[in-house]
Amino acid sequence: MSSKNKNMENSEAFFRPSLTVRKTSAEIINEVRNTLRMLRTRRPFTPREEQRKLFGSASSRTPENRPPSVFSLHASSFESVEPRPVSYVRLSPLDHKPKLLLPFTSNEEYPISPPKPPADSEEIRKVRNARTRLFRTVSHGNLLSDKIFSSDESKRLSFEEQDILGDIPRSNEKFSAKLTVYSGFEDVGLPLTYKEHNDKAAGEQACSEITEKASPSQVGSKSDHEHPTRSGRPSSCPDNTNWIKSDIKTDNNFEVNETEEEENYWNMKILPILHELETEDNVENLCHACAILYQVLVEGNMLGKRFKRRSLFLKTLYKLCDIASDPLGLKLAKIILGLKVSGKNLLNVCKLVFKISRNEKNDSLIQSDQILDSLLELLRAEDLQVNTEAFLYCIGALKFISGNTSLIREMVSKGTVEILVQLMKQINLINENEPGFCSSGHLLVQLTATLRNLVDLPQSRHKLLSYGAIPELCLIMEKRMNDKDICTNLARIFSKISSFNDCCSALADCSRCYILFLTLLNKHPKKQDLVVRVIFILGNLTARNNQAREQFFEVEGSINTLISLFQTHCDSDSNSKQWKNGGELRNLKHCSEAEDVQIKLVRVIANLSIHPTVGANLASNHHVVALLTEVLEYKSVDECEEMVVNTTATINNLSYYQVKNSVILEKKLYIAELLVKLLMSNNMDGILEAIRVFGNLSQYHEICNFIVQRKVYKFMIALLDAKHQDVCFSACGVLLNLTVDKRWRAILNEEGTIKKLIDCLRDFGPTDWQLACLICKTLWNYSESVPCFEEDDSNTLFILLASFLDEELALDYDSDNDLRDYHKLYWESEFKPVAQKLLQRIRN
């Protein structure tokens, strides 16, 4: 025999190398496949709310501490004229303290003389008469009617009324005056010709639209008898066609002029529709009229605040809100929002849309009426801090319709995500000590719930990354840590997006996220729906890269937090199901809530253990190992499959580290006893994880003796017939470690192991060179000291090895480049050296 052959005969047996042996990159990849594995688990399920509410049934807010989801809304809820914005300038108090008049009787005199009116000059009387007539006009008349009243009625005004009206010239002669009215109100209607009216409601409306200052102007007049009215009284004003052309200054400090063309458009296009709205009783016809009206306003460029008759126009629309019809309400809301109302009216129209959107059956109406565009424009254009409550109901409506799969794509395409992110950034600027902090919290509940629905679409997730939303979401969590509702919604968002690599990487780049998540767990340890999602997020983060594992581990108290939560939910599950102390186990297809948290916690530990430093530390942690073994003691794989399988996989990861203080190695025989119970089950995933643990532990003589004494090796040999690639790989690893000891080779050969290994090599060799290498190593150990190969087995093995060592036959060069390179790497580095040695032994 040549020296080369002698060296091969005297070489040591193949076995799985320990950590002290320097490994190649291929060996490291092989070990990761064989031992250290990250775990996956189901994302927590979010049940759908049966009813659409502003705050769901699980909200931590009490009814008295939150805006209502149900409310009454009528025409009277709207304001005819919107008030000026409130001035926040505080005036200095007056030094003068006025003296009050004392009560008196008929027999007593005033102790102090009452103020006397100034001397009435002729000019002052003229001013008062004119202001008086104007006041009577707008107090008693209909701005759109032809009713008049006698000029003599102005004489019946009290002294106080005249004094209030001020310095408008008054004359006993018949006249008509064209007025230029300056108003700070947004909804001031058309400036009016001085004219008498009898409609009290319209008169009161007009009165409310006249501001404190008015400048008279000279106009022509006609005789009273030329304008008879329904009451038969002569008119003192020009007829209804002689409307005043005037300039109105709005809050935005621009002048609005109505041209003759606009006036004609109003009379010809809009007035007929308004009359129809006032007289029509059929809801379907009203809806049709509103649809036409909106189109007419668009064509006439009359949307917005420049519309001069806007106040009167809105009043007609407000009256229709009393009609209980959702289709009509949507059309009214679209027109009202188009007219850019503000203040209480903006709030009420948002409530109207919110109320309609609560009914899921109205989603199709919302889509067809395109009210979404109006809501998004509102959020884009209006001031958040001024209209916080209106935004609340507006985004609440968006939250409801975002649950509709047919509407969600339209919402994303129209920029909903961008708008919500911008609002989120504005809210983050509000400090905790500012007055709007609490109300903005209610708004954030709606905003985050809407985003939670939108991120189901890939386009939404891409936009979140593009607009830098993830750091803003983390900032919200930091500032709103005490708000369980907001934190729960944020956890739901992160649990969704962290399942995708790009979003998970962006979240991992927020270095403070680990501290925030751990703080959240410590702050709300008993809020199960929050805890389970945060743990799921941490599992996703730690599954990606070693940097995330290291950053999490370095946060002070991170592992203790996981242990504390694990123990808390173990105790909770123990009390509810009595699975300790001989309690009867229930065969449940679904795990309890406490078990769900434990499953996610086990996954985090398993993923952390992939990092060498963290894994070695966890393997030496008595509390961690004790909790894992406790699960295997009292849990059945039939009762909760995912929990038992994941726990076994975690023990497998920790058993990889052969460190001095490893608790896994210290308890290896006890763990082996627990694994035998799992091997006897019918669950293939559980069996596979148990075999992997035995693959690591079988490097120790105590475990090898245990495997032989308890006949576990027979189970490993039988699994070679499973025709399952991963099962064969793990079982072959255990057999490889057993064959290192010469005492067990003959015993193993009695079970027909050689023939089964050759069958596995033939079946899986060309597609898995790692498995082929492992089989060749096991056959080498078998053949070292006993003549174990029968002639047929030798011939079959010789032919297989010869063909597999031929590169052109073994490697498929027509396959994908990446796949071919992958196969070539393992064929050259692992399979080829071992197969050549085994082939040479067979030849000899």
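A few points about this structure:
- Restricting the stretch 403-443 to GluC sites (Glu not before Pro) in coil, as DSSP defines it, with at most 12 other Cβ within 10 Å: GLU432
- Residue pairs, from the table LYS723/LYS832; LYS677/LYS723; LYS425/LYS463; LYS723/LYS755; LYS351/LYS399; LYS425/LYS479, whose Cα atoms sit over 18 Å apart: LYS723/LYS832; LYS677/LYS723
- Here the calculated FRET efficiency for ASP383 and ASP721, from their Cβ-Cβ distance with R0 = 60 Å, stands at 0.25, rounded to the nearest 0.05.
- The residues neighbouring VAL708, those whose beta-carbon lies less than 14 Å from its own, together hold a net charge of +2 under the Lys/Arg +1, Asp/Glu -1 convention.
- Low-density loop positions, trypsin sites (Lys or Arg not before Pro), the stretch 435-531 - DSSP coil, at most 16 other Cβ in 10 Å: ARG512, LYS526
- Given their separation in residues at 0.36 nm each and the Cα-Cα distance between them, GLN367 and TYR822 gain 158.6 nm when the chain is fully extended.
Bear in mind that the values in this text are calculations on the coordinates, not laboratory data. On a predicted model such as this, the values are computed, not experimentally measured, just so you know. Cβ coordinates were reconstructed from backbone atoms using ideal geometry, including for glycine residues, and neighbour counts include every protein chain displayed.
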